[in-house]
Amino acid sequence: PNTYEMYWTTDAEAVLARMKKEYDRFWTDERKAKARSLGLSQYEVVTLASIVESEQRMHKSEQSRIAGLYLNRIRRGMKLQSDPTVIFAVGDFSINRVLTKQLGFESPYNTYRNAGLPPGPILLPGISAVDAVLNAEKHNYIFMCAREDFSGYHYFSSTLSEHNRYARMYREALNRKNIYR
């Protein structure tokens, strides 16, 4: 996960060789050990990092907390219930508000329908998201909801009742701004 300079004359074989070299450089023994300690493969770390990055692009300081939340859900056998996976599954990236009808969309990427991680990443995550998963915050949170002030931050909670209160506040804010799609 990075940006690389390539020349337009670089052939496909050389691009693949470069990507393999960078992949091997990125996955140090320390990163591999952290993935193993989480019970995840390198591929699963990247898949989870893609969800974490989709959930939080603005405030990278929240990424390790979000990673910890999803790891908590995985450990408890809960569905991830990540809105960005639904948007990816539906294939409509103009969605600003995931609706109940979209939650039932049939796709292995829909984490409202399917337990565990989706079969692959929903985007190519950056280094910060991968490292956020590998260094996930330890806490008891299993729910999160965007804040109603549209600051890009989230509320985190350990109980459904607390989460429902935050979700109601967010839905009301969306309604006030006439965001129905």
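Since every read-out is calculated from the coordinates, none of them should be taken as a lab result. Only a predicted model underlies this, so the values are computations on that prediction, with no experimental measurement involved. A quick note on method: Cβ atoms are made from the backbone with ideal geometry, for glycine too, and the neighbour counts reach across all protein chains shown.
Worth a mention:
- Binning all Cα-Cα separations of segment 130-176 at 10 Å, short to long from zero, yields these whole-percent fractions: 27, 43, 24, 5.
- Rounded to the nearest 10 degrees, the inclination of helix 29-38 to the longest alpha-carbon principal axis of the chain is 30 degrees.
- Coordinate range of the alpha-carbon atoms in the chain per principal axis, descending: 52, 36, 31 Å.
- Pair Ser161, Ser37: separation of 7 Å Cα→Cβ label points (nm): 3.6
- Theoretical gain in end-to-end length, Phe150 to Thr100 [0.36 nm per residue, Cα-Cα removed]: 15.9 nm
- Computed over the chain: relative contact order in percent, which uses C-alpha pairs under 8 Å that are six or more apart: 25
- The chain, helix-only ellipticity at 222 nm - DSSP H runs n ≥ 4, -39,500 (n - 2.57), divided by all residues, nearest 500: -15000 deg cm²/dmol
- Distance from the Cα centroid of segment 1-55 to that of segment 129-181 is 28 Å (rounded to whole angstrom).
- Distance distribution note for segment 1-82: the fraction of Cα pairs above 16 angstrom is 63%.
- Cα long-axis angle, helix 42-55 against the chain (0 to 90 degrees, to the nearest 10): 40
- Looking at segment 100-181, the chymotrypsin sites (Phe, Trp or Tyr not before Pro) that sit in a DSSP loop and have at most 13 other Cβ atoms within 10 Å of their own Cβ are Phe150, Tyr180.
- A simple charge model with +1 on the Cβ of Lys and Arg, -1 on the Cβ of Asp and Glu and nothing else charged puts the dipole of the chain at about 660 debye relative to its Cα centre.
- The per residue volume of the convex hull around the alpha-carbon atoms of segment 98-153 is 144 Å³.
- Over all projection directions, the Cα-based convex hull of segment 68-169 averages an area of 7.0 nm².
- Per-pair calculated FRET efficiency, R0 = 41 Å: Leu124 and Met169 via Cβ, rounded to 0.05: 0.80
- Positive-end residue, the chain charge dipole about Cα centroid, Cβ charges, pick of Ala17, Ile122, Ala67: Ala67
- Taking 0.36 nm per residue of separation and subtracting the Cα-Cα distance, full extension of the segment from Ser107 to Thr9 would add 31.5 nm.
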